[in-house]
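Written below as structure tokens is the structure these notes are about.
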Amino acid sequence: MKFDLFLNNVPNMQEVDLPAKESHLKMAPVERAKMLELWDYSKLNPKKAGVLALFYPRKSETHLVLIVRTAKGLHASQVALPGGKFEEQDKYLSHTAVRETEEEIGIYQDKINLVTNLSEIYVPPSNFLVHPFIGHLDSEPKFIPQKDEVSQIIEISLKDFLNVRTTIHNIKASYSNFPGVPAYIIEDKIVWGATAMILSELKDVLQQSFKGQF
């Protein structure tokens with residue numbers, strides 16, 4: 001999709017009723033799907049985080065940026081959206097998402113235009129309640145990954161992103177093994193768990209916003 005057409009549809013994104021659980025369940029591991037029906041994670045006092053689905057032009061075509069985490073920590077080597085933990089100096093969770101995007105991939109905060117939010121999602125292994133946002137840049141970016149946090153930057157065109165299909169994989173993570181997990185394959189990387197669930201809702205929101213304009 002041409003970037004000017006993407007920008008024309010930004011107001012539509014702000015009007016869409018978020019599908020939330022309906023979208024999340026499409027990409028949820030079996031255990032997670034069961035627990036989504038039962039959990040009251042507010043009692044777990046989860047930490048808060050903000051992440052950003054950042055769109056931008058690349059040779060006039062709309063792209064989305066993802067990152068691959070470094071091989072350390074609870075979510076080592078996993079594909080994610082740029083973002084991180086809410087800090088006391090953050091006024092809003094949207095500020096967290098923008099601030100962390102600058103820190104992780106080198107995009108200045110004042111260059112990021114926030115569009116809207118997606119539905120929050122709870123991440124059990126780390127006890128985080130993640131708040132995703134959609135944003136865009138007005139011009140082609142030059143990414144500067146933070147080496148301690150980001151091992152790789154993935155750029156995917158909006159067209160390819162919307163055409164990514166769900167596949168099933170057995171996943172081995174640092175904290176558990178998960179059989180039969182729905183996932184996306186993007187740039188030969190398996191995208192699963194909370195990131196895949198967020199991307200599922202993002203896809204649904206975009207498809208409702210664009211209404212067959214591809």
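What follows draws every value from the coordinates through simple rules; no lab data is involved. These numbers were taken from a predicted model, which means no experiment stands behind them. In this analysis, Cβ positions are derived from the backbone assuming ideal geometry, glycine residues included, and neighbour counts consider all displayed protein chains.
Arrange the following residues from fewest to most other Cβ atoms within 10 Å of their Cβ: Lys59, Lys47.
Lys59, Lys47
Listing Val65, Val51 from the residue with the fewest other Cβ atoms within 10 Å to the one with the most, what is the order?
On the way: Val65 22, Val51 25.
Listing Val65, Val51 from fewest to most nearby Cβ atoms yields Val65, Val51.
Which of Glu15, Glu140 has the fewest other C-beta atoms within 10 Å, and how do the rest follow up to the most?
Glu15, Glu140
When we measure straight from the Cα of Lys26, which lysines land under 30 angstrom away, once same-chain ones fewer than 8 places off are left out?
Qualifying lysines at Cα under 30 Å: Lys2, Lys34, Lys43, Lys47, Lys48, Lys72, Lys85, Lys159, Lys172, Lys189, Lys203, Lys211.
Relative contact order for region 3-209: what is it in percent, counting Cα pairs under 8 Å that are at least 6 residues apart?
It rounds to 29 percent for region 3-209.
Could you please state, rounded to a whole Å, how far the C-alpha centre of region 193-214 is from the C-alpha centre of region 130-159?
Here the answer is 17 Å between Cα centres.
Report the one residue of His136, Asn177, Leu158 whose Cα lies farthest in the direction of the positive end of the charge dipole of the chain (charges on C-beta: Lys and Arg +1, Asp and Glu -1; origin at the Cα centre).
Asn177
With springs connecting C-alpha atoms under 10 Å apart, model the chain as a Gaussian network and identify which of Lys203, Lys43, Lys85 has the largest mean-square fluctuation.
Fluctuation is largest for Lys43.
To the nearest 500 deg cm²/dmol, what mean residue ellipticity at 222 nm is calculated for the chain from DSSP H runs of n ≥ 4 alone, each contributing -39,500 (n - 2.57), summed and divided by the residues?
Computed mean residue ellipticity for the chain: -7500 deg cm²/dmol.
Once label points are set 7 Å from the Cα along Cα→Cβ at both Asp188 and Gln213, what is their separation, rounded to one decimal in nm?
Taking the two extended label points, one gets 3.5 nm.
What does the extension gain come out to for Glu88 and Asp17, with contour length at 0.36 nm per residue minus their alpha carbon separation?
22.5 nm
How large is log10 of I(q)/I(0) for region 1-147 at q = 0.11, 0.18, 0.22 Å⁻¹ when the intensity is taken from the Debye formula with one equal scatterer per alpha-carbon?
For region 1-147, the Cα-only Debye profile gives -0.46, -1.19, -1.52.
Among Gln152, Gln14, Gln89, determine the one that fluctuates most according to a GNM of the chain built with springs between C-alpha atoms less than 10 Å apart.
For the chain, modelled as a Gaussian network with Cα springs under 10 Å, the answer is Gln89.
If a/c stays under 1.5 just call it rounded; otherwise compare a/b with b/c (prolate if a/b is bigger, oblate if not). Do that for region 95-169, with a ≥ b ≥ c from the square roots of the Cα gyration tensor eigenvalues.
Rounded shape, in that the Cα axes give a/c under 1.5.
Between Ala49, Ala71, Ala97, find the one with the highest GNM mean-square fluctuation for the chain; connect C-alpha pairs within less than 10 Å.
So, out of Ala49, Ala71, Ala97, the one fluctuating most is Ala71.
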